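Structure first, commentary second.
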Amino acid sequence: MSERQGLRADSTHFTLDGAPFRILGGSIHYFRVPRAYWRDRLLKLKACGLNTLTTYVPWNLHEPERGVYRFQEELDLEGYIRLAGELGLWVILRPGPYICAEWDLGGLPSWLLQDKKMKLRTTYSGFTSAVNSYFDKLIPRVTPLQVKYVLFLPQKPLMVMEYWSGWFDVWGEPHHVFSAPEMISIVRELLDRGISINFYMFHGGTSFGFMNGAFDLGTYKPQTSSYDYDAPLTESGDYTTKYHLLRNLLSSYSNEPISEPPAVQSRRAYEPLAVTHYISLWESLQCAETLFRADDPVNMESLPANHNNGQSYGYTLYQTDIYSGGDLNSRNHVRDRALVFIDRELIGVLDNRTQKVKIPHSKSERTLSLLVENCGRVNYGPALDNQQKGLVGDITLDNVPLKKFTMHCLDMKTSFINRLQSQKWTSVGTKPTYPAFFRGSLVVDQPTDTFLKLPNWSKGVVFVNGQTLGRHWSVGPQKALYLPGPWLRSGDNEIVVFEELKAAETIQFAENLEYGKTVEVSTQLFCTLI
């Protein structure tokens, strides 16, 4: 590959191996798509008339603990790039280390935040040394796959590196949509001017697990698990009006016929699944790997968990004894949301908007518990350096800081869910104590894509066969979680729902993605010209 001329910018247009070349790209993140569907999604990109795939590389997935590297299975970056090559696509790789991408901490690993002096995305030695160690593992994997790249820009070929085909969603606000005809009108103008383009996103996919980011330019807003993005390909890989209009447009600029789009995956709405058993959060604590004690509350990242890499995601339970009542004041030290309990009875919620809860007076000793959720770290902006989660400072009772905390790490990894299964679960005929884990078994003959729905539930997390599917929250706009067929198996499938406040008797399914109300986004958002 190194003997080829590669991509050059010797005039107002790119050349590739000496021939004129226009980059027609689309972003599909391998880490947001089940590996079983990589080929399908890339074939659909090519069949739209695009010639280039772009993807980010998430450092936090590839180095989840300092010095522990993962490049296998769903994280086989080299396999993803080679597959694109086999299908006749070029690849623009965006290796980071910072990627933004509406991804937790912009793709940076949370263990960086253990350093109290850390300055992310700077020349601070604690950051650059970690980047160098990671790149020493990443770059040798991708260097043999690249062609000779652009060394300089003499007369500046124009490229819109991120033409936003839609926009992301945050919990509690409308679903964002962008007009297909308006998008096509702008793309046509760019093509008429000879400009190269990359669609962000061409297919958004899903921020599975706890990997969604957050938006904070003054007010913290966590993003949804769905990363559908109102893109040309939906979260589940369906064609949209945008796709068909874009394909028609690009075919008119192509000298050769473009390939036929592959058939879409079948989907089905399985019959509603009865929830059969539950186990309360309090009973589940014995499945947590360990507990920690300290005079002062310790934030998630500084807990001596995960081989001293701290806790990255999920919930942390903070407990201490109190001997009076009064005003419990978080002093804005809750990151990001806490359920407050007295002797396991819910008395309130603390977050960035509500920072005080009234505790009834009593002279007897009582246990105060705060179940604190990391709702997603900010992925860009000035708040990036301050993304420690859990309790990040003192909380007070009538202005006196509370002390002597016991802390349980509830990161809800697959190993935790597997340990939970071996515990004694209670039949749902008994009134549950919240929060709790609820389970039921989905019997499948032929595994098929579906959407999992939880009407009349409140807030929590869904696990399928031990894997974390994503978050659910009744505030919307996301009303269903995408469940890929490859995550299911023929026979029994264990569905577990962690529910904070209110469960229903059934788990339901749908064929299609469902949202609450929508809002049109402005075209002023959609052009970052490079």
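Observations
- Rg to Rh quotient for the range 354-506, alpha carbon positions, Kirkwood Rh: 1.02
- Alpha carbon convex hull of the range 177-290, volume per residue in cubic angstrom: 226
- Those lysines that a straight Cα-Cα span of less than 23 Å connects to residue 479, excepting residues fewer than 8 apart in one chain: 221, 242, 453, 459, 502, 517
- Over every Cα atom in the chain, the radius of gyration and the widest Cα-Cα span, Dmax, amount to 24.5, 83 Å.
- Residue 122 versus residue 43: modelled label distance in nm, points set 7 Å from Cα along the beta carbon direction: 5.0
- Sulfur and carbon atoms: percent of accessible area, the chain [1.4 Å]: 49
- Residue among 512, 357, 270 farthest towards the positive dipole end of the chain, charges placed on Cβ: 357
- Pairs of Cα atoms farther than 16 Å apart, the range 296-403, %: 57
- The gain in end-to-end length when the residue 156 to residue 184 segment is fully stretched comes to 7.6 nm, 0.36 nm per residue minus the alpha carbon separation.
- Remark: the range 7-253 carries 38 Å² of accessible area per residue (probe radius 1.4 Å; ligands, DNA and RNA excluded).
- The calculated Kirkwood hydrodynamic radius for the range 7-253 is 19.2 Å, given to one decimal from all distinct C-alpha pairs.
- Max-minus-min Cα coordinates of the range 430-494 on each principal axis give 33, 31, 18 Å, with the largest extent listed first.
- Cα centre as origin, Lys/Arg/Asp/Glu Cβ charges: the chain dipole, Debye: 520
- Under 17 Å from the residue 519 label point (7 Å along Cα→beta-carbon), backbone N, the range 218-248: 218-224, 229-230
- Estimated [θ] at 222 nm from DSSP helical runs (n ≥ 4, -39500 (n - 2.57)) normalised by residues in the chain, nearest 500: -4500 deg cm²/dmol
- With 0.36 nm allotted per residue and the present C-alpha distance subtracted, the residue 251-residue 383 stretch has 43.2 nm of extension available.
The values are calculated or read from the model by the stated rules, or taken from the named source; none is laboratory data. All figures in this text were calculated on a predicted structure; none of them were measured in a lab. Note: ideal-geometry Cβ built from the backbone for every residue, glycine included; neighbour counts use all protein chains shown. Each accessible area value is taken on the protein alone, full model and side chains, heavy atoms only, with ligands, DNA and RNA left out. Shrake-Rupley method; radii C 1.70, N 1.55, O 1.52, S 1.80 Å.
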